[in-house]
Structure formats: C-alpha cells, structure tokens
C-alpha cells in the first residue's frame with residue numbers, strides 16, 4: 001500500500017484529492033488533527049477517526065488531538081475543571097488504543113481559544129457569517145433541545161482551530177464536513193490558507209443498520225464495556241447477508257470489520273468446528289464480505305469473530321480506565 005492509499009484508506013470523502021495527494025507525496029512533519037469534545041468514555045465513533053490518525057502516523061505525519069474543553073463548556077458538559085478531568089481520561093484511552101505517544105500532541109482548546117488574537121478573529125467571523133450560514137454548520141440538536149447562541153459560535157471556533165493549531169490536514173467524521181467547508185469558505189477572509197480534509201464514514205446503529213451509532217441513543221460499544229457486554233451487543237447486531245434493492249450490503253457488522261478490524265490486524269481468523277468447514281482465514285475485508293453474502297460465512301460466526309477482535313482492540317483502554325478509577 002503506497003502512502004496515498006494509506007492516508008485515504010476508509011475515507012468517505014477527500015477534500016480535495018489533489019491537495020491530499022500533495023500531502024501524501026511529502027508527509028514528513030505535516031500536521032493532521034481531530035478535535036474531540038471531552039464528554040465521556042471513548043466509543044467506536046471516536047475510535048474510527050483514531051484509526052485514521054494511526055494510519056496518518058504510519059504514513060509519517062504528526063497528529064494533533066484537540067481536547068476541546070471550551071467547546072464542551074459551551075455545550076454545557078460541566079465546569080472546565082470537570083471537563084478537563086474527563087479529557088485526561090480520554091487522552092490516556094487514546095494512547096492505550098494505539099496512538100503513538102511520541103507522534104501525538106494533545107492540546108486543550110483553552111490553551112489558545114481564550115487568547116486575544118483568537119478572540120478578535122472569532123469576532124470577525126461572527127460579523128462575517130450570517131445566522132443561516134452558522135446554523136447550517138452547527139451540530140444537530142438533540143431531542144427537544146433549543147438552539148442557543150453558543151451553538152452558533154461553536155462551528156466558528158472549529159473553523160479557527162484549523163488555523164491556530166498550525167495544521168496541514170483536518171480529519172473528522174462525515175458529520176464534520178459542513179464545518180470543514182465553512183473553514184474553506186471563511187479562513188481566506190482572514191488571509192489564512194485553506195486546508196484539505198478527510199472525512200471518515202458514519203457507522204450505522206448496531207441494531208437496525210440505519211442512522212448513526214451514538215452514545216446518546218441506541219447501542220454503541222465503548223472502552224467501558226466488559227468482554228461479556230461487548231459479546232452481547234455484537235451478537236444482537238443487525239447482520240443481513242443479502243443486498244438491499246439498490247445493491248448495497250448495508251450491514252453494521254461488516255462496517256465494523258471494514259473500519260475497525262482490518263485496518264488494525266493483518267489477518268482475521270474465523271474459528272469453526274471441522275464439521276462446519278473448519279477455520280476461515282481472511283487477509284482482506286472484501287473476501288470476508290463476499291463469503292458472508294454467499295453463505296460460506298454464517299452471520300453468527302461473523303459476529304463471534306467480530307466480538308473477539310473488537311475486544312482485543314478495546315481491552316487496553318478498558319484496563320487503563322480501571323487503573324485510573326482505582
């Protein structure tokens with residue numbers, strides 16, 4: 001796999017391809033980032049973008065993880081002291097998951113977002129951005145939540161973060177696309193350069209195969225889950241072996257194999273009794289997906305194998321959480 005393929009592996013969208021190819025041609029000392037609001041234990045949504053950060057480190061890039069304490073404060077996730085305590089736990093979990101500590105810089109938003117220059121640039125963006133434009137970029141509201149001024153300021157701050165962290169590449173889930181597009185639109189108005197972006201897919205809800213896996217609703221898998229809890233969740237997952245009328249194989253079990261397991265393991269072994277055909281070994285996702293669709297791989301065997309490999313991935317973070325809480 002060449003550097004460009006590694007950088008863009010499992011990316012749902014690349015903005016723009018030409019800019020990212022230029023980065024891949026010379027990745028040394030280039031800085032990529034993901035911002036995370038410290039709001040709890042890491043789950044597979046966080047870890048999908050973390051997998052991409054690990055790819056970027058392997059490609060030779062430096063990684064910046066923004067522990068967005070001010071953003072979390074704006075989102076009413078607690079006092080700054082409480083939020084920073086959560087952020088330190090998240091930092092430990094990311095390193096336990098596999099980020100290279102020597103190539104990862106963790107930055108609190110409050111380390112620069114309260115400075116005068118940042119505040120003046122933020123006020124400029126507040127003047128230059130219409131309410132409608134800011135609303136299009138802000139995160140979706142939860143339930144019957146009412147929009148507040150802080151919700152509109154939030155994406156403007158995300159735009160400035162890309163400049164103030166001295167970045168070459170912004171990474172986020174596909175739900176961050178609207179923020180990255182706002183940054184490409186607004187940063188030049190401040191005489192700042194635009195940066196390319198990589199967007200990772202949104203993993204579907206485990207039980208339905210639709211929507212988004214979320215810690216706020218439905219079932220998700222987190223570093224807090226025991227082996228038994230993880231197995232129970234995976235075994236109850238939606239896993240149809242057939243394609244929908246549009247020809248897509250919408251299957252959250254396969255998504256987790258594609259985006260979490262195969263990027264981190266050279267091969268995947270499905271252990272089966274000899275009377276059911278014996279073990280199956282896969283060194284790429286496509287063969288496993290094809291065998292599930294053809295019937296060679298039973299959904300129950302796929303789920304059991306997925307649970308085993310996901311448990312291997314989150315076990316170090318689970319142990320770190322227990323250590324921190326002891």
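The values are calculated or read from the model by the stated rules, or taken from the named source; none is laboratory data. Keep in mind that what you see is a predicted model, and the values were worked out from it rather than measured. When we count neighbours, we look across all protein chains shown, and the Cβ atoms used for this are built from the backbone with ideal geometry, even at glycine.
Here are the numbers for this structure:
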| quantity | calculated |
| --- | --- |
| Condition check for residue 1: modelled with pLDDT under 95 and either over 14 Å from the mean Cα position of the chain (by Cα) or surrounded by fewer than 16 Cβ atoms within 10 Å (Cβ to Cβ) (or both) | yes |
| Residue 135 being over 19 Å from residue 170 (Cα atoms), assigned by TED's automatic domain parsing to the domain that holds residue 184, surrounded by fewer than 19 Cβ atoms within 10 Å (Cβ to Cβ) and at pLDDT 95 or above | no |
| Unmet requirement for residue 142, which otherwise passes all of (1) exposed (fewer than 14 other Cβ atoms within 10 Å of the Cβ); (2) in contact with a helix residue (DSSP H, G or I) (Cβ under 8 Å, 6 or more places away or on another chain) | (2) |
| Residue check, residue 88 under 20 Å from the mean Cα position of the chain (by Cα), surrounded by fewer than 16 Cβ atoms within 10 Å (Cβ to Cβ) and either modelled with pLDDT under 95 or within 23 Å of residue 323 (Cβ to Cβ) (or both) | yes |
| Selected residue (only one of 92, 170, 128 is touching a helix residue (DSSP H, G or I) at 6+ places or on another chain (Cβ under 7 Å) and over 29 Å from residue 192 (Cα atoms)) | 92 |
| Of all residues in region 146-161 being touching a helix residue (DSSP H, G or I) at 6+ places or on another chain (Cβ under 9 Å) and not in a helix (DSSP H, G or I), the one that is modelled with the highest pLDDT | 148 |
| Tally, over region 264-304, of residues that are in contact with a helix residue (DSSP H, G or I) (Cβ under 6 Å, 6 or more places away or on another chain) and loosely packed, with under 14 Cβ neighbours inside 10 Å | 0 |
| Selection status of residue 164, farther than 19 Å from residue 133 by Cβ, at pLDDT 95 or above and over 20 Å from the mean Cα position of the chain (by Cα) | yes |
| Sole residue being crowded, with 18+ Cβ neighbours inside 10 Å, modelled with pLDDT of 95 or more and either more than 23 Å from residue 256 (Cα to Cα) or in contact with a strand residue (DSSP E or B) (Cβ under 7 Å, 6 or more places away or on another chain) (or both), chosen from 67, 42 | 67 |
| All positions within region 225-263 that are in a loop (DSSP other than H, G, I, E, B) and either surrounded by 15 or more Cβ atoms within 10 Å (Cβ to Cβ) or modelled with pLDDT of 95 or more (or both) | 225, 226, 237, 238, 239, 240, 241, 249, 250, 251, 262, 263 |
| Residue among 30, 77 that is over 30 Å from residue 284 (Cα atoms), in contact with a helix residue (DSSP H, G or I) (Cβ under 8 Å, 6 or more places away or on another chain) and assigned by TED's automatic domain parsing to the domain that holds residue 175 | 77 |
